[in-house]
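Peer 1: Here it is, the structure, as structure tokens.
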Amino acid sequence: MADQKPSKKLENDIKKKSDKDSLDEQILDQIQKSEMPKETKKEIMAYLEMYSGPIPLPDILEGYQKLYPNAAKEII
């Protein structure tokens, strides 16, 4: 019978995702619990952008493109 245990890579990937989710929650929690004004918290939360993936978002690619011609093409 085949071993049903997940591979080490899969275990590591799951742990990394869990760690990221936990860190995201901690950041959001710290903002909510802070003593800064409610309006400032709203602005931070509205601007707070989290992204994870192999290809950057278009706005980020555009920024790289402004710094270095053909950067977006090389990244993709």
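Peer 1: How much net charge surrounds residue 66 when only other residues with a Cβ under 15 Å from its Cβ are counted (Lys, Arg +1; Asp, Glu -1)?
Peer 2: Computed value for this residue: -2.
Peer 1: As a test question: what accessible area, to the nearest 10 Å², does residue 25 have when a 1.4 Å probe is rolled over all protein chains in place?
Peer 2: Its accessible surface works out to 120 Å², give or take rounding.
Peer 1: Largest first, what is the accessible-area ranking of 61, 23, 67 with a 1.4 Å probe?
Peer 2: Sorted descending by solvent-accessible area, the residues read 67, 23, 61.
The values are calculated or read from the model by the stated rules, or taken from the named source; none is laboratory data. Predicted model only: the values in this text are computed from it and were never measured. A quick note on method: Cβ atoms are made from the backbone with ideal geometry, for glycine too, and the neighbour counts reach across all protein chains shown. Surface areas here come from the heavy atoms of the whole protein model, side chains and all, with no ligands, DNA or RNA. Shrake-Rupley method; radii C 1.70, N 1.55, O 1.52, S 1.80 Å.
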